[in-house]
Amino acid sequence: MTIYDTRNKPVREAAVVLADDGRELRATWFRPTGEPRGAVVVVPAMATPAAYYGAFAEWLAESGFLALTFDYRGTASVAELRAETGDLLRWAGDAASALEALLEEVPDGVPVTWLGHSLGGQVLPFARHDLVARVLLVASGSGYWRHNVGTVRLIAPLLWRVVVPISTRLAGYYPGRRLRMIGDLPTGVVRQWGRWCLTPDYLAVDVPDAAARYGEVSVPVSTLHFTDDELLSEASMQALEALYTGTAVESQRLAPADLGVPRIGHHGFFRRSFRDAWEQHVLPRLARR
């Protein structure tokens with residue numbers, strides 16, 4: 001379905017991305033009115049639906065960029081959550097497929113950006129990063145529990161060792177929304193994530209060549225972190241950045257006062273009210289040649 005705006009605004013078009021194993025992933029194109037100046041795949045955070053990035057993707061299209069948002073498999077309903085057998089590495093493959101779908105749509109010579117939020121910055125090494133022009137990571141870091149902050153760090157061992165095993169066994173998925181802890185996730189995803197979060201080397205517990213994979217990323221990487229992130233500490237961000245040994249990483253850490261707002265947090269940056277911040281901190285990075 002294509003939605004047209006009579007005021008000559010960008011087009012929002014519901015679509016399907018075909019994953020490498022044939023699964024159909026829900027996606028949405030946000031198309032500028034003219035030829036795109038660039039293209040962006042928005043790779044979501046854990047338990048965060050693509051719809052959450054809708055206002056941001058609309059702004060990208062209004063700014064002249066072709067944008068693609070997508071949902072990881074098995075997340076649309078409780079029935080899907082219970083039926084899903086994939087894990088985080090399967091989700092990494094979904095992100096790789098979304099990038100490939102964008103690359104197929106982009107005219108020759110148009111620069112492509114991987115914009116990863118949280119988990120979206122962790123799974124870049126599993127995609128064809130050699131085909132993108134730049135990478136922007138937002139609130140993305142290692143999920144190792146000792147890099148968590150505040151209450152999250154205090155409850156993390158209990159969450160991963162007790163709450164997740166029991167709740168997934170009883171519900172058939174992780175009912176995070178009801179528990180008010182993270183969000184709803186398929187069993188395979190949340191159990192693997194827990195294993196990563198309890199391990200200092202994070203995803204390397206399941207991916208022995210993780211360091212080499214990250215080191216192969218050679219495109220420019222820039223990051224945006226927030227001082228009031230309620231989940232990840234500065235050490236978490238630095239731990240992830242340190243893995244990108246094959247490229248220069250430009251890091252920026254912002255406080256709410258820098259943006260003239262009372263709070264940013266782990267998810268706040270993608271809310272419509274942050275449009276001025278997008279103009280100031282995202283657009284210059286996307287426009288670089």
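Quick look at the numbers
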read-out: Residues of the stretch 112-148 that turn out to be assigned to a loop (DSSP other than H, G, I, E, B) and either in contact with a helix residue (DSSP H, G or I) (Cβ under 8 Å, 6 or more places away or on another chain) or hydroxyl-bearing (Ser, Thr, Tyr) (or both), as a count; value: 11
read-out: Count of the stretch 269-284 residues which are surrounded by 18 or more Cβ atoms within 10 Å (Cβ to Cβ) and charged (D, E, K, R); value: 0
read-out: Single match in GLY86, GLY93, GLY74 (criterion: part of a helix (DSSP H, G or I) and in contact (Cβ under 8 Å) with a residue 24 or more places away in the chain); value: GLY93
read-out: Any hit, the stretch 43-56, residues being exposed (fewer than 15 other Cβ atoms within 10 Å of the Cβ) and either free of Cβ contacts under 8 Å to residues at least 60 places away in the same chain or among the hydrophobic types (A, V, I, L, M, F, W, C) (or both); value: yes
read-out: Only listed residue being closer than 29 Å to THR28 by Cβ and either surrounded by fewer than 21 Cβ atoms within 10 Å (Cβ to Cβ) or modelled with pLDDT under 95 (or both), chosen from GLU104, GLU216; value: GLU104
read-out: Subset of the stretch 234-249 that is among the aliphatic types (A, V, I, L, M), in contact (Cβ under 8 Å) with a residue 60 or more places away in the chain and open to solvent by 30 Å² or more (accessible area, probe 1.4 Å) - its residue that is nearest to GLY116 (Cα to Cα); value: ALA239
read-out: Qualifying residue in the stretch 169-183 (condition: touching a Phe, Trp or Tyr at 6+ places or on another chain (Cβ under 8 Å) and either assigned to a helix (DSSP H, G or I) or modelled with pLDDT of 95 or more (or both)); value: no
read-out: Tally, over the stretch 192-244, of residues that are in a loop (DSSP other than H, G, I, E, B), touching a Gly at 6+ places or on another chain (Cβ under 8 Å) and over 23 Å from VAL282 (Cα atoms); value: 1
read-out: Of all residues in the stretch 211-268 being hydroxyl-bearing (Ser, Thr, Tyr) and under 21 Å from ARG128 (Cα atoms), the one that is nearest to the chain's Cα centre (by Cα); value: THR223
read-out: Test for GLU230: is it open to solvent by 30 Å² or more (accessible area, probe 1.4 Å), over 23 Å from GLY86 (Cβ atoms) and touching a helix residue (DSSP H, G or I) at 6+ places or on another chain (Cβ under 7 Å); value: yes
read-out: Evaluation of PRO111 against (1) open to solvent by 50 Å² or more (accessible area, probe 1.4 Å); (2) closer than 26 Å to PRO220 by Cβ; (3) not small (Gly, Ala, Ser) (one fails), failing number; value: (1)
read-out: Conditions (1) touching a Leu at 6+ places or on another chain (Cβ under 7 Å); (2) assigned to a helix (DSSP H, G or I); (3) open to solvent by less than 60 Å² (accessible area, probe 1.4 Å): number failed by HIS266; value: (2)
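The values are calculated or read from the model by the stated rules, or taken from the named source; none is laboratory data. These figures come from a predicted structure and were not determined experimentally. Note that each Cβ is placed from the backbone with ideal geometry, even for glycine, and that neighbours are counted across all protein chains shown. Protein only, heavy atoms only, side chains kept; ligands, DNA and RNA dropped before computing areas. Shrake-Rupley method; radii C 1.70, N 1.55, O 1.52, S 1.80 Å.
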